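This report refers to the structure that appears directly beneath it.
The values are calculated or read from the model by the stated rules, or taken from the named source; none is laboratory data. Not measured: the values here are computed from a predicted model. All Cβ positions, glycine included, derive from the backbone under ideal geometry; neighbour counts span all protein chains shown.
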Amino acid sequence: MVATLPSDRSPVIGTVWLVGAGPGDPDLLTLRAARLIMGASLIVHDGLVDGAILSMARPSARLVSVAKSRSRHTMKQDDINALLVREALAGHDVVRLKGGDPFVFGRGGEEAQACRAAGVPVEIVPGISSAMGAAAAAQIPLTHRDHASIVTFVAGQCKGLSDQDWSGLAGHGRTLVIFMGLATAAQISDKLIADGLAPDVPVAVIEKATRPDMRVLRAPLAGLADLVDRERVQSPALIVIGAVAAQAADNTICATALEAMQ
Ligand code: SAH
């Protein structure tokens with residue numbers, strides 16, 4: 001009998017799991033995400049993933065940070081794609097942890113494409129997007145029969161601002177949720193007001209949603225940039241524009257922001 005040599009077998013390829021880590025609070029992970037994190041031997045994660053979530057990993061797990069931020073890129077997207085593919089082709093399952101949901105401004109689409117192109121199996125595990133987490137934590141309903149029946153998610157960084165036509169995205173009956181819009185808050189309010197939006201449309205800024213140091217700040221649209229500046233709002237933060245923003249729970253509203261609305 002001839003023994004089968006390992007080289008005769010097709011090579012084992014790992015699976016890449018693109019996993020949403022939710023907005024921050026570990027209780028907001030899906031059960032599937034929690035199981036994958038606790039069982040992983042390799043976790044590749046963004047800067048947005050909370051330390052409390054990473055601490056759920058096994059002590060022996062390899063944790064690789066590919067943190068991205070506006071001013072500090074530790075790893076280019078192509079290099080992240082290459083890392084995922086390389087590890088999977090070497091036979092390792094990879095838990096790729098992303099803040100919120102992997103397919104909402106998470107570049108999950110690019111990573112999934114890179115895996116498929118390399119013949120690497122890829123699975124997507126949805127997460128609670130920060131839009132949902134922030135809305136719930138601040139008690140801002142994104143839709144409301146009296147106020148809004150359309151919700152739009154936009155990226156507010158410079159490229160998103162200059163490349164996209166925002167006219168009509170905000171206004172009567174609509175809620176606009178802006179990701180990555182802190183640095184461009186002044187341009188955002190100018191652009192929307194120039195498009196015809198009333199300067200007193202309610203705006204809520206939700207900083208570090210679902211984390212212990214979360215803040216919810218409110219201002220009229222014309223006061224958005226001043227609010228962000230005065231309160232030194234830090235990333236990550238979301239900007240919600242529309243009538244529903246006025247419903248933010250009272251106890252979370254910053255007093256100085258309220259003064260600005262009067
Ligand atoms: N995939 C993520 C979004 C990534 S883009 C999701 O579904 O939430 C990064 C942006 O998300 C940040 O600039 C910020 O606008 C928003 N964000 C992520 N986590 C947040 C949090 N805990 N609180 C407020 N905004 C958050």
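Observations on the model:
- Taking every residue in segment 80-104 that is touching a residue at least 60 places away in the same chain (Cβ under 8 Å) and pairing it with any residue that is charged (D, E, K, R) and more than 16 Å from the ligand (Cβ to nearest atom), at least 6 positions away or on another chain, the pairs with Cβ-Cβ distances below 8 Å are VAL94/GLU87.
- The single condition among (1) surrounded by fewer than 14 Cβ atoms within 10 Å (Cβ to Cβ); (2) farther than 25 Å from ALA131 by Cα; (3) modelled with pLDDT under 95 that SER71 does not meet is (2).
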